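Data first, discussion second: the structure below is written as structure tokens.
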Amino acid sequence: MADPDEESRTAASTVGSDTVQNSTPALTKTAQKKLLKQERLAARKAEKKAAEKQRKAEHKEQRRREWDEKLEALSPEEKAKVIDSKNEARRERIKREKEEHRMKIERLKKAAEVGQKVVLDLDFGHLMTASEIQSLSQQIMYCYAANSRSANPTHLWLTGCTGEMEARLQNVPGFNNWIIEKENRPYIEALKDHKENLIYLTADAEDVIEELDLKSIYIIGGLVDRNRYKRITMDKANEQGIKAAKLPIGKYLKMSSSQVLTVNQVFEIMLNFIESRDWKSAFFKAIPQRKRDDAEAEILGEENNGTADAADVVALTEEDKKEDLEGDVVEEGCACKKQCIRETEDVEDIETTGNNVSATDNGNKELL
């Protein structure tokens, strides 16, 4: 005979389960379609990534076979000369890369003393979804890479870097070695002694910037919101009692849509202007052609074909890095996201073994 208490507990459990299921709202048809679309895009992205990884592996193997065949066709004396030449070229490349890295470090350190101050305001993390935070972290990577390559870098700040935003950036290889100011506090606290010099860059401002002032500290809002929040940066500047201004986009080109740009696009415009002192050139180099009016785009031709768009950023992964015959070396001409990777290698680790040139890589790849 069944225990009445057990039946009662079972019934209560069933009712509780039904209550939980009923309390979960069903997705609308639009939401279901959106979810399915995201799943299809994710699946295609994974397939494309796997295919590209396979292609690179096959290309690398082909190059190794060609190298082995080349060496086998040579006499011992010729083989030794070819290997020595290859080792020497490798040493020269490593020496050149180290020198370029040293000069980059010097430029960034000098910018921290006398460069134009630019703040990326990351205090909007609580308003963004996980995917939007990921997108913003990639835009920040673009900003740092562009700043590192620039002949006249800025003194770059990250403020309000807490919570999930901070966790995302901590996962970026080499983030802790970035030559950049990092503040968990909001800029209004971290730069309270310079409040009169703060200028928030927002498309909603009435004042237009004609020239960048070294005394001013320009703030770029770190927000990826798909235009959900209207005037949020303008309202923030008003509430804090700081200046607000916008870049003179309308004077130099006609936008095909909103004048709201990604964080890295705004930052690259500023970098371009610092180098050229020409707003028109700065806009054309940084703003993707798809965001410009068709007439403007036709006039420009291919001037901006190489501009990187933050929406196209893919997170840095080991398989993304191009490899040469002797080891993992980042090749010149890689995409923007890869240009901020450096590899430290020790020349003394290069060894010649058998018919192949090999390298013992004790270095680390990191964003710097």
Hey, among the residues in region 167-189 that are over 25 Å from Y200 (Cβ atoms) and touching a residue at least 40 places away in the same chain (Cβ under 8 Å), which one's surrounded by the fewest Cβ atoms within 10 Å (Cβ to Cβ)? N177
Among the residues of region 236-258, what is the count of those that are among the acidic types (D, E) and either at pLDDT below 95 or more than 17 Å from T202 (Cβ to Cβ) (or both)? 0
Checked L261, L300 against criteria (surrounded by 13 or more Cβ atoms within 10 Å (Cβ to Cβ), of a type in the set (A, V, I, L, M), at pLDDT below 90 and under 21 Å from the mean Cα position of the chain (by Cα)); the one match is L261
All positions within region 176-200 that are more than 22 Å from S148 (Cβ to Cβ) and part of a loop (DSSP other than H, G, I, E, B): N184, R185, P186, L191
Which count do you get for residues in region 37-75 that are open to solvent by 90 Å² or more (accessible area, probe 1.4 Å) and of a type outside the set (D, E, K, R)? 3
Of everything in region 192-211 that's under 21 Å from I140 (Cβ atoms) and modelled with pLDDT under 95, which residue is least open to solvent (accessible area, probe 1.4 Å)? T202
From G115, G125, grab the single residue that is more than 20 Å from N177 (Cα to Cα), at pLDDT 90 or above and under 27 Å from the mean Cα position of the chain (by Cα). G125
Select from region 207-260 the residues that are among the hydrophobic types (A, V, I, L, M, F, W, C), closer than 21 Å to A282 by Cα, out of contact with any helix residue (DSSP H, G or I) (no Cβ under 7 Å at 6 or more places or on another chain) and free of Cβ contacts under 8 Å to residues at least 40 places away in the same chain and list them in ascending order. I209
Unmet requirement for E164, which otherwise passes all of (1) in contact (Cβ under 8 Å) with a residue 24 or more places away in the chain; (2) in a helix (DSSP H, G or I); (3) over 22 Å from the mean Cα position of the chain (by Cα): (3)
Residues (more than 22 Å from I217 (Cβ to Cβ) and either crowded, with 20+ Cβ neighbours inside 10 Å or free of Cβ contacts under 8 Å to residues at least 24 places away in the same chain (or both)) located in region 101-134: R102, M103, E106, M128, T129, S131, I133
What about I232, is it more than 21 Å from E132 (Cα to Cα), under 26 Å from the mean Cα position of the chain (by Cα) and open to solvent by 30 Å² or more (accessible area, probe 1.4 Å)? no
Take K45 and decide whether it is assigned to a helix (DSSP H, G or I), at pLDDT below 90, among the basic types (K, R) and in contact with a Leu (Cβ under 8 Å, 6 or more places away or on another chain). no
Taking region 109-146 on its own, how many of its residues are touching a Ser or Thr at 6+ places or on another chain (Cβ under 6 Å) and among the polar types (S, T, N, Q)? 2
Across (1) outside any loop (DSSP other than H, G, I, E, B); (2) exposed (fewer than 14 other Cβ atoms within 10 Å of the Cβ), L214 clears everything bar (1)
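The values are calculated or read from the model by the stated rules, or taken from the named source; none is laboratory data. All of these numbers come straight from a predicted model, not from anything done at the bench. Backbone-built Cβ (ideal geometry, glycine too); neighbour counts: all protein chains shown. Ligands, DNA and RNA are excluded from the accessible area calculation, which covers all protein heavy atoms including side chains. Shrake-Rupley method; radii C 1.70, N 1.55, O 1.52, S 1.80 Å.
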